[in-house]
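Student: Take this structure first; my questions come after.
The values are calculated or read from the model by the stated rules, or taken from the named source; none is laboratory data. Since the model is a prediction, treat every value here as computed from it, not as a measurement. Cβ sites come from the backbone with ideal geometry, for glycine too, and all protein chains shown count toward neighbours.
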Amino acid sequence: MMEARDVLKRPVITERATSQLEEGKYTFEVDPAATKIDIKNAVEEIFKVDVIKVATLRVPGKLKRVGRHVGRTSDWKKAIVTVKKGQRIPFFEGA
């Protein structure tokens, strides 16, 4: 079992993720080895909210180039966490 602070890497603050806050959906970058149960437990432990649903997806890295050098960004895993109606994670509200 993973530690809660190791599961959640950072919040994802994009236009789409911000619009989903009204529906009680919060988006995080998570450890690629984390399961939905690990993510649920981590969010409940850190933010003291009740998690209803966890949706995960793998985001493929993109090709980037600087001059003639071509590289690739890392693949990463994203989790969209739905919390119980009426509950909020205040951490996101200030962003």
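Student: Among all residue pairs at least 6 apart or on different chains, which show Cβ distances below 9 Å where the first residue, located in the stretch 12-25, is within 10 Å of R88 (Cα to Cα) and the second is of a type in the set (G, A, S)?
Tutor: Hits for this filter: G24/G86; K25/A17; K25/A55.
Student: For residues that are more than 15 Å from G86 (Cα to Cα), modelled with pLDDT of 95 or more and among the hydrophobic types (A, V, I, L, M, F, W, C), tally how many sit in the stretch 44-60.
Tutor: Result for the stretch 44-60: 4.
Residue-wise test of (1) within 15 Å of the chain's Cα centre (by Cα); (2) among the aliphatic types (A, V, I, L, M); (3) surrounded by 14 or more Cβ atoms within 10 Å (Cβ to Cβ).
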{"site": "V54", "(1), (2), (3)": "yes, yes, yes"}
{"site": "L63", "(1), (2), (3)": "no, yes, no"}
{"site": "G67", "(1), (2), (3)": "no, no, no"}
{"site": "K78", "(1), (2), (3)": "yes, no, yes"}
{"site": "K85", "(1), (2), (3)": "no, no, no"}
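Student: Turning to a different aspect of this structure: Going through the stretch 2-49 one residue at a time, which ones are in a loop (DSSP other than H, G, I, E, B), in contact with a helix residue (DSSP H, G or I) (Cβ under 7 Å, 6 or more places away or on another chain) and either exposed (fewer than 15 other Cβ atoms within 10 Å of the Cβ) or among the acidic types (D, E) (or both)?
Tutor: Across the stretch 2-49, the qualifying residue is only D31.
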